[in-house]
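Working notes, structure below.
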Amino acid sequence: MWDNRMKVEFVSKSQNESFARVAVAAFVSQLDPTMEELTDIKTAVSEAVTNAIIHGYDGVEGMVRIEAYICDDEVTVIVCDEGVGISDIEKAMQPLYTSRPDLERSGMGFTVMETFMDSLEVESQKGKGTKVIMKKKFKSLS
């Protein structure tokens, strides 16, 4: 069970990516993170939201949902879209792979999320959307 949670939903517009970063950072701040931990979370959230907007909806407007849960000294952040989905998650998670080379994407989104978070899980169904589940443990408050 969780100690605290939040949920926010917004339109898949690129200008909402910074809103998502700040919303999750504000929620996580109750764990008294270091600046580095806060930057890690914001970077991972930014990548997940950008993936949902660019790859999930591919120019079509939709909704992106973020849920965050705090349990003891760990935060779980879930970023969901109801977009096109990922047909081959393993391939999509390979460094430098991008489904949108036309946009000059680096193909490092999942790698960045894995680097800055303690765990990353991706669930997706073609035509139904994608759910990115990221976890990060913080130093104990006690």
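Here, each number is a calculation from the coordinates, and none is a lab measurement. For clarity, every value in this text was computed on a predicted model and none was experimentally measured. Here the Cβ positions follow ideal geometry from the backbone for every residue, glycine too, while neighbour counts run over all protein chains shown.
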Next on the checklist: Taking R0 as 25 Å, what FRET efficiency do you get between GLN125 and ASP32 from their Cβ-Cβ distance, rounded to the nearest 0.05?
Outcome noted: 0.10
Checklist entry - Where in region 3-35 is the amide nitrogen less than 15 Å from a point lying 7 Å along the Cα-to-Cβ axis of ASP72? => result 3-4
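For every helix of n ≥ 4 consecutive DSSP H residues, a contribution of -39,500 (n - 2.57) applies; sum these over the chain, divide by its total residues, and give [θ] at 222 nm rounded to the nearest 500 deg cm²/dmol.
One gets -9000 deg cm²/dmol as the mean residue ellipticity at 222 nm.
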Item to check | Computed over region 4-137, the ratio Rg/Rh where both radii use C-alpha atoms and Rh is Kirkwood | outcome: 0.95
Item to check | Those aspartates and glutamates that a straight Cα-Cα span of less than 15 Å connects to LYS128, excepting residues fewer than 8 apart in one chain | outcome: ASP58, GLU61, ASP81, GLU82, ASP88
Next on the checklist: How high is the relative contact order of the chain? Use alpha-carbon pairs under 8 Å, at least six apart in sequence, and give a whole percent.
Outcome noted: 27
Checklist outcome for this item: Distance in nm between ALA25 and GLN94 label points, each 7 Å along Cα→Cβ, equals 3.4
Checklist entry - Of all GluC sites (Glu not before Pro) in region 49-89, which ones are in loop regions per DSSP and have a Cβ with at most 16 other Cβ atoms within 10 Å? => result GLU61
Item to check | Spatially proximal lysines relative to LYS126 (Cα-Cα < 26 Å; intrachain offsets below 8 disregarded) | outcome: LYS7, LYS13, LYS91, LYS135
Item to check | Leading residue at positive end of dipole, the chain (Cβ point charges), from SER12, MET93, CYS80 | outcome: SER12
Checklist outcome for this item: Full extension between LYS135 and ASN4 adds, at 0.36 nm per residue less the Cα distance, a length in nm of 45.7 nm
Checklist entry - How much net charge surrounds LYS7 when only the other residues with a Cβ under 14 Å from the Cβ of LYS7 are counted, with Lys and Arg +1 and Asp and Glu -1? => result +1
Next on the checklist: Please give the Cα centre distance for region 117-132 versus region 1-18, rounded to the nearest Å.
Outcome noted: 16
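Taking the Cα centre of the chain as the origin, how large is its charge dipole in debye, to the nearest 20, when only Lys and Arg (+1) and Asp and Glu (-1) carry charge on their Cβ atoms?
Details: 16 positive and 24 negative charges, 45 e Å.
For this selection, approximately 220 debye.
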